[in-house]
Amino acid sequence: MLNKIYDWVDERLDITPIWRDIADHEVPEHVNPAHHFSAFVYCFGGLTFFITVIQILSGMFLTMYYVPDVENAWKSVYYLQNEVAFGEIVRGMHHWGASLVIVMMFLHTLRVFFTGSYKKPRELNWIVGVLIFCVMLGLGFTGYLLPWDMKALFATKVGIEIAASVPFIGELIKVLLAGDATIIGAQTLTRFFAIHVFFLPAALFALLAAHFIMIRRQGISGPL
Amino acid sequence: MHRGKGMKFVGDSRVKANNRMVNMPKDYSEYPGKTEAFWPDFLLKEWMVGAVFLIGYLLLTVAHPSPLEGPADPTNASYIPLPDWYFLFLYQLLKYTYASGPYNVIGAIIMPGLTIGALMLMPFLDKGPERRPSKRPLPTAFMLLALAAMIFLTWESVVNHDWEAAAKQGEIKEEVDIEIDETAEGFLIFSGEQGKSCIACHGADMQGGGAAPALVGNELTAEEVAEVIKNGRGAMPAGQFAGTDEELQVLAEFIASLKAEE
C-alpha cells in the first residue's frame, strides 16, 4: 500500500533524487561515536536541532494559552503553570530548552571552531551559523519578557537601554523594540511577542534551511 | 552538462571531485575506516542518543519547575534586574569602570560587537590550510581567552549577586481582596491619630508595601496581633501605637478579623 502510494507520487514528481539527497549518504567513521567515542562532539549540532524542534512544538502549545497583553500576560502564564493539565511540563520544556539550546549551540560552535571546520570551502556555512547564534540569542532575549513578571520587565529595561546606547541609531532601535521612546509597557510586550513568535522564527527557519542545504552540499568536514 | 557513472564526489558531498578546491577533504573512500549508511543505521543510533537526552531533559523539567515571579510592576524602583544566565557575563562586564558610565559604549557595544564580528569573519582571518588547533596557535589562544573571560565574568556575576534578596524581591504576593468595613471602630483607630505610624508603613488600604506586609489576609489571632503591635516583629519596631490599651485591643481584634475567606 505504502509502496503503491510512493510509486504513484514518484511517477509524477520523481521524488527519489530528493530522498537520496536528504537521507542516502554514508556517515564517515571519524564522526561516528560507535567507532571513536570522542566523536560524540559531532552530536552537538544534531542535538541543537533536536531541542530547536522541541522549542517550536512547545512554543506552539504555549501560544494556545498565552495572552500577549499587559493585563493578562502574567495571569495567563500563572494559569498555564498552575491550572492547565501538563502546562507546567510544556512551559518547563520551553524554559529549560531555551537554556539547553544555547548550551548545545555553543558546544557545537566550539567543536566547529577547534576542528577548523569553518575553513574553505565552508566559510559561508560558518557565517550562517554565527547568524543563527545571533537569532537564538534574540529569541532568548525576547522570550524572557513574555511572562511579564518582575525579572522579565527589569531585565528588558536594561537590555533596551543597552540597545539605546548604540551610537547614532540607538534611539531608533529603542523605539523599534519598545514601541515608545520612554515607556516599556503594553507596546513593548506585543512587539516582543511578534518578534519572538513571527520575525525571529522566520529568520531562523531560512537560516537553518541554508545551513542544512550547505551541509548536504559540502558534506561533513574530513578528519583532522 | 556532466552526467553519468564514474563521477567522483568529495566526501559524502555533492561537490565534484575533479576541479577540486584547495582544502577540500579527500573522498572518504580514500581514508581507511568504516563508513555507515545514514539511513537507517546511523539515524537509529542518533535517535537513541536523542531519546537518552530527552529523558534527562524531562527529568530536569519535572525536578525544577520553571520560575515565575510576581507580575511586572514598573513602579517598583528598588528591583535589582538580572538577565538570563547566558547574558550574565555581558551584564557583569558593564559593571567595570572602563566599560560603564562614560565608557558605556565600550562595554555595551564595541567589545561585544568586535567579538561577534571577529567570530563571523573567522574564516577570513584564519585562512591557512591547517585545521588542528595546535597548528594555529593564534585563533586557538584567542578563543580560549574569550572562553576564560566569559566563564570568569559569569562567575563574578553569580557570586556578587544577592540571590536571597533576588528571590525575595520577585516573590508572588498573594493579592487578598477583603472588604474593609471603614466604619468599624477598629478602622477608625487605625486611620486616626493613634495609628499614624501604622499607615506610614502598612498603607491606608492596609495592603502593605516595601518591607511591611499586608494586614489584610493575615493569619494571626487578636492576641498575637496585639503582641506584635506592642513589641514589634522583624523590621517593625516596638511601641509604634499611640493609643490607649483599650484602643489597642479593639484595633487588634479588627486586624485579626481581616482573614481571607476559606
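The values are calculated or read from the model by the stated rules, or taken from the named source; none is laboratory data. Quick caveat: nothing in here was measured; it's all calculated off a predicted structure. Glycine gets a Cβ as well: all are built from the backbone with ideal geometry, and neighbour counts include every protein chain shown. Side chains are part of the model used for accessible areas, which takes the heavy atoms of the whole protein and leaves out ligands, DNA and RNA. Shrake-Rupley method; radii C 1.70, N 1.55, O 1.52, S 1.80 Å.
Quick notes
- Residues of region B:76-88 that turn out to be surrounded by 18 or more Cβ atoms within 10 Å (Cβ to Cβ) and farther than 13 Å from A:Y144 by Cα, as a count: 2
- Tally of residues being more than 8 Å from chain A (Cβ to nearest Cβ), small (G, A, S) and closer than 15 Å to A:F50 by Cβ across region B:35-67: 2
- Scanning region A:81-96 for residues that are open to solvent by 30 Å² or more (accessible area, probe 1.4 Å) and more than 7 Å from chain B (Cβ to nearest Cβ) yields A:N82, A:E83, A:A85, A:F86, A:V90, A:H94.
- Residue among A:V130, A:V166, A:V197 that is at the interface with another protein chain (Cβ under 7 Å from one of its Cβ atoms), in a helix (DSSP H, G or I) and β-branched (V, I, T): A:V130
- Of all residues in region A:97-105, none satisfies being crowded, with 17+ Cβ neighbours inside 10 Å, among the hydroxyl-bearing types (S, T, Y) and facing chain B (nearest Cβ under 8 Å).
The rows are residues; the columns are (1) farther than 21 Å from B:I180 by Cβ; (2) at pLDDT below 80; (3) of a type in the set (K, R); (4) open to solvent by less than 40 Å² (accessible area, probe 1.4 Å).
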{"site": "B:L215", "(1), (2), (3), (4)": "no, no, no, yes"}
{"site": "B:L220", "(1), (2), (3), (4)": "no, no, no, no"}
{"site": "B:A226", "(1), (2), (3), (4)": "no, no, no, yes"}
{"site": "B:G232", "(1), (2), (3), (4)": "yes, no, no, yes"}
{"site": "B:A235", "(1), (2), (3), (4)": "yes, yes, no, no"}
{"site": "B:A238", "(1), (2), (3), (4)": "yes, no, no, no"}
{"site": "B:G243", "(1), (2), (3), (4)": "no, no, no, yes"}
{"site": "B:E247", "(1), (2), (3), (4)": "no, no, no, no"}
{"site": "B:E253", "(1), (2), (3), (4)": "no, no, no, no"}
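- Any hit, region A:106-126, residues being aliphatic (A, V, I, L, M), surrounded by fewer than 21 Cβ atoms within 10 Å (Cβ to Cβ), facing another protein chain (nearest Cβ under 7 Å) and part of a helix (DSSP H, G or I): no
- Among residues of region A:204-216 that are farther than 16 Å from A:V130 by Cβ, those with a Cβ under 9 angstrom from a residue that is among the small types (G, A, S) and not in a helix (DSSP H, G or I), sequence gap 6+ or separate chain, pair up as A:R216/B:S13.
- Checked against (1) in contact with a Ser or Thr (Cβ under 8 Å, 6 or more places away or on another chain); (2) open to solvent by 50 Å² or more (accessible area, probe 1.4 Å); (3) under 18 Å from A:S117 (Cα atoms), A:S38 passes all but condition (1).
- A:F50 fulfils the conditions (1) within 30 Å of A:F106 (Cα to Cα); (2) at pLDDT below 95; (3) of a type in the set (F, W, Y) except for a single criterion, (2).
- Any hit, region A:41-52, residues being touching a residue at least 60 places away in the same chain (Cβ under 8 Å) and loosely packed, with under 15 Cβ neighbours inside 10 Å: no
- Extreme residue, farthest from A:R91 (Cα to Cα), among residues of region B:55-75 that are outside any loop (DSSP other than H, G, I, E, B) and open to solvent by less than 30 Å² (accessible area, probe 1.4 Å): B:Y57
- Region A:73-102, residues that are without any contact (Cβ under 8 Å) to a residue 12 or more places away in the chain and not in a helix (DSSP H, G or I): A:E83, A:A85, A:F86
- Counting only helices (runs of 4 or more DSSP H) wholly contained in region B:114-187, the ones carrying 3 or more residues that are more than 30 Å from B:Q249 (Cα to Cα) and of a type in the set (S, T, Y) occupy B:137-160.
- A:L57 meets the stated requirement of being more than 7 Å from chain B (Cβ to nearest Cβ), without any contact (Cβ under 8 Å) to a residue 60 or more places away in the chain and either of a type in the set (D, E, K, R) or surrounded by fewer than 17 Cβ atoms within 10 Å (Cβ to Cβ) (or both).
- Answer from B:I199, B:I229 - the residue that is farther than 30 Å from B:D84 by Cβ and either within 35 Å of the chain's Cα centre (by Cα) or part of a loop (DSSP other than H, G, I, E, B) (or both): B:I199
- Restricting attention to region B:142-156, the residues being surrounded by fewer than 17 Cβ atoms within 10 Å (Cβ to Cβ) and away from chain A (no Cβ under 12 Å) number 6.
- The requirement of being touching a residue at least 12 places away in the same chain (Cβ under 8 Å), within 7 Å of chain A (Cβ to nearest Cβ) and assigned to a helix (DSSP H, G or I) is satisfied by B:A108.
- All told, A:I18 meets the bar of being among the β-branched types (V, I, T), open to solvent by 40 Å² or more (accessible area, probe 1.4 Å) and free of Cβ contacts under 8 Å to residues at least 40 places away in the same chain.
- For beta carbons closer than 9 Å, sequence separation of 6+ or different chains, a first residue in region B:143-162 that is over 30 Å from B:R132 (Cα atoms) and a second that is of a type in the set (V, I, T), the qualifying pairs are B:H161/B:I80; B:D162/B:I80.
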